[in-house]
1. Sort Tyr135, Tyr42 by heavy-atom solvent-accessible area, probe 1.4 angstrom, most to least.
2. In cubic angstrom, how much convex hull volume per residue do the alpha carbon atoms of the stretch 37-115 span?
3. Would you mind computing, in nm to one decimal, how far apart the modelled labels at Glu145 and Ser110 are, each placed 7 Å from Cα along Cα→Cβ?
Amino acid sequence: MKNKSIPKPRLEPKDGIPKPSFIPSGDTNIVFSFASLEWTDYFSLNGTCNNWSFDLFNMLKDISTKSKIDLIQGKYQKYRVHTHEKANPPSPLPSGIALKDCYQIRISQSKGGIHGVFVENVFYVIWLDPLHNMYPDDRFGGLREIKPPNTCCRDREEMISKLKRENTELKKQNEYWESEIQKL
């Protein structure tokens, strides 16, 4: 595997206070920000298959090597980048965001996509859409509300609770048998 370097921080004075910022490789390459990410009843990670996040990060990595112009002009059909001017989102957009300014970048045909806005070469991800809820289609199950996810450790927590109950019961049995032995 070829080692890639992380950009070095540079200090840019802002309001007289130097703040670190990073220069992405190639000033025109797309950079992703999750500062605007929202979880709603229709846009979340719940309901994803085991490989969804893997495919998402591969897509993010690949697109990070592309320019905004090439991407929105359709040079990379694989990602089917388009605006949402005719969409009817099931969740309200964040304040100050107009539907006409939103884009979708597809992860793959069957894995939905991400929705957000560009500010220069930065794509601000607003929603993750594994269930195709921006454009519900019967082929993908139609519009589906997403239930809040359970903790990823739920199975382990249930096992710990079960073992604690068993331990308590065994301690009671042990006390009983110890008292019976004392009677002898």
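1. Solvent-accessible surface, decreasing: Tyr135, Tyr42.
2. Output value, Cα hull per residue: 110 Å³.
3. If labels sit at Glu145 and Ser110, their model points lie 2.8 nm apart.
The values are calculated or read from the model by the stated rules, or taken from the named source; none is laboratory data. Keep in mind the model is a prediction, meaning the values are calculated, not measured. Heads up, the Cβs are rebuilt from the backbone with ideal geometry, glycines too, and the neighbour counts pull from every protein chain shown. Surface accessibility is based on the protein's heavy atoms, side chains included, excluding ligands, DNA and RNA. Shrake-Rupley method; radii C 1.70, N 1.55, O 1.52, S 1.80 Å.
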